[in-house]
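Asks: The following block contains the structure, expressed as structure tokens.
The values are calculated or read from the model by the stated rules, or taken from the named source; none is laboratory data. Fair warning: this is a prediction, and the values are worked out from it, not measured in the lab. Cβ atoms come from the backbone with ideal geometry, glycine included; neighbour counts cover every protein chain shown. Areas reflect the complete protein model, heavy atoms only, side chains present, ligands, DNA and RNA absent. Shrake-Rupley method; radii C 1.70, N 1.55, O 1.52, S 1.80 Å.
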Amino acid sequence: MRLDKFLCEMNIGTRGQVKAFVRQGMVTVNGKLVKSPDDKIDENADQIVFKRQLLQYRKYVYYMLNKPEGVVSATNDNTADTVVSLLEEDRRKDIFPVGRLDKDSTGLLLLTNDGELAHLLLSPKRHVDKTYQVTVEHSLTREEVSRLEQGVDIGEEHLTLPARVSVETSSMIVITVHEGKFHQIKRMLQAVDNRVLALKRTAFGCLRLDETLKPGEYRMLTESEIQELKSTGGCK
Ligand code: URA
């Protein structure tokens with residue numbers, strides 16, 4: 001791979017910036033100063049150092065996005081902005097959202113280029129937990145909470161799987177489900193004659209939404225978040 005491409009993939013900067021860094025002598029390859037950004041390197045064997053820091057090559061990248069309202073969970077769309085378009089341009093290549101949130105839903109969405117992990121996390125067999133903060137139209141009775149917890153008819157072959165519900169206020173509940181059917185939470189609330197007014201995902205498997213991220217902001221997952229997701233397949 002070309003050195004400048006490698007540095008871009010490592011998120012050191014844009015193509016223009018990394019070329020300048022190389023020309024300014026800020027990069028060594030196997031201990032030797034290099035000055036030409038188009039030199040070929042072996043990303044799996046060579047030791048590339050930028051500003052005295054060894055760069056560990058990563059084929060896969062993982063971002064936590066706080067999805068804002070009004071963008072679609074897709075890689076491209078003819079009519080609306082997509083979650084991928086919220087990333088800086090040079091970070092978008094091959095990135096896709098793991099699962100989807102509705103256009104009007106907000107909160108935690110994982111973006112990656114790691115198809116294998118995405119497959120694992122989305123597999124219906126794995127029942128990865130998803131937690132949502134839900135603003136509801138009417139307050140819920142105990143009996144309705146219990147029905148949501150035990151399983152409701154949303155027009156599928158089976159009732160929904162058992163869920164956990166915590167009533168926060170008369171207009172807000174927190175619900176954790178172990179499946180991810182289309183419009184699942186909206187349909188569950190409909191099944192108890194209620195309506196979702198706002199929906200925010202706060203957790204996905206063992207990942208918790210980083211509340212320092214404003215809607216539309218994102219950050220890379222930490223090494224321990226990545227390892228936890230991988231080793232447990234999402235912390236059921
Ligand atoms: N359930 C919904 O109804 N919508 C979402 O965006 C996510 C879960």
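Asks: Return the carbon/sulfur percentage of the accessible area of region 1-160, one whole number, probe 1.4 Å, all protein chains in place.
Replies: The C+S portion of the solvent-accessible surface of region 1-160 is 44 percent.
Asks: Around residue 152, which amide H atoms from residues at least 5 apart in sequence, or from another chain, sit under 5 Å from its own amide H, with H modelled in the peptide plane?
Replies: For residue 152, whose amide H was placed from the backbone, the distant partners under 5 Å are 160.
Asks: Further question on the same structure: Taking the Cα atoms of region 105-169, what is the range of coordinates along each of the three principal axes, in descending order and whole Å?
Replies: Between the extreme Cα coordinates on each principal axis of region 105-169 lie 43, 28, 18 Å.
Asks: In the chain, if the dipole is taken from +1 on Lys/Arg beta carbons and -1 on Asp/Glu beta carbons about the Cα centre, which of 16, 136, 99 is farthest to the positive end?
Replies: In the chain, that residue is 16.
Asks: Roughly how much of residue 39 is accessible, in Å² to the nearest 10, using a 1.4 Å probe?
Replies: 60
Asks: Something else about it: Pairs of alpha-carbon atoms within less than 8 angstrom and 6+ residues apart define the contacts here; what relative contact order does region 1-58 have, in percent?
Replies: 34
Asks: Pick out, from 173, 124, 73, the residue whose Cα sits farthest towards the positive end of the charge dipole of the chain, with +1 on the Cβ of Lys and Arg and -1 on the Cβ of Asp and Glu.
Replies: 73
Asks: With every protein chain left in place and a probe of 1.4 Å, what is the accessible surface of residue 59, to the nearest 10 Å²?
Replies: Answer for residue 59: close to 130 Å² accessible.
Asks: Can you tell me which of 197, 55, 140 moves the most in a GNM of the chain? Springs connect C-alpha atoms under 10 Å apart.
Replies: Top of the fluctuation ranking is 55.
Asks: Now, a different point. So what's the chain giving for Cα Rg divided by 2.2 N^0.38 Å, two decimals?
Replies: Expressed relative to 2.2 N^0.38 Å, the Cα Rg reads 1.23.
Asks: If you don't mind, there's one more thing I want to ask. Calculate the all-directions average of the projected area of region 22-70's alpha-carbon convex hull, and give it in nm².
Replies: For region 22-70, the mean projected area of the Cα convex hull comes to 5.5 nm².
Asks: Which of rounded, prolate, oblate describes region 1-51, given a ≥ b ≥ c as roots of the alpha-carbon gyration tensor eigenvalues and a/c under 1.5 marking rounded, otherwise prolate only if a/b is larger than b/c?
Replies: oblate
Asks: Net charge near residue 8: determine it from the other residues with C-beta under 10 Å of the C-beta of residue 8, scoring Lys and Arg +1 and Asp and Glu -1.
Replies: Spelling it out: positives minus negatives among the neighbours equals +3.
Asks: Which whole-number percentage describes the relative contact order of region 48-129, with Cα contacts under 8 Å and a sequence gap of 6 or more?
Replies: Once divided by the residue count of region 48-129, the mean separation gives 31 percent.
Asks: Normalising by the residue count of the chain, find the relative contact order in percent from Cα pairs under 8 Å and 6+ residues apart.
Replies: Worked out over the chain, it gives 19 percent.
Asks: Here is a follow-up. Å³ per residue of the Cα convex hull, for region 134-236?
Replies: Spread over its residues, the Cα hull of region 134-236 gives 117 Å³ apiece.
Asks: Pull out the extension gain between residue 75 and residue 224, defined as 0.36 nm times the separation in residues minus the alpha carbon to alpha carbon distance; nm, one decimal.
Replies: 51.0 nm
Asks: Hey, can you find the accessible area per residue of the chain for me, probe 1.4 Å, expressed in square angstrom?
Replies: Heavy-atom accessible area per residue stands at 55 Å².
Asks: Output wanted: per-residue J couplings in Hz (rounded whole) for region 201-214, from phi through Karplus 6.51 cos²θ - 1.76 cosθ + 1.60, θ = phi - 60°, x for Gly and Pro.
Replies: 7, 10, 8, 9, x, 8, 7, 10, 4, 6, 6, 7, 7, 6
Asks: With every protein chain left in place and a probe of 1.4 Å, what is the accessible surface of residue 42, to the nearest 10 Å²?
Replies: Residue 42 has an accessible surface of roughly 70 Å² with all protein chains in place.
Asks: Given a cut-off of 31 Å, name the pairs among 19/93; 32/230; 186/214 whose C-alpha atoms lie farther apart than that in the structure shown.
Replies: 32/230
Asks: Taking a cut-off of 20 Å between Cα atoms, list the aspartates and glutamates near residue 200, but don't count ones fewer than 8 places away on the same chain.
Replies: The qualifying aspartates and glutamates are 69, 81, 102, 104, 129, 137, 149, 168, 179, 210, 211, 217.
Asks: In a Gaussian network model over the chain where Cα atoms closer than 10 Å are linked, find which of 79, 141, 222 has the largest mean-square fluctuation.
Replies: Maximum fluctuation in the GNM of the chain, among the listed residues, is at 79.
Asks: At a Förster distance of 35 Å, what's the computed FRET efficiency of residue 56 paired with residue 122, Cβ-Cβ distance as r, to 0.05?
Replies: 0.80
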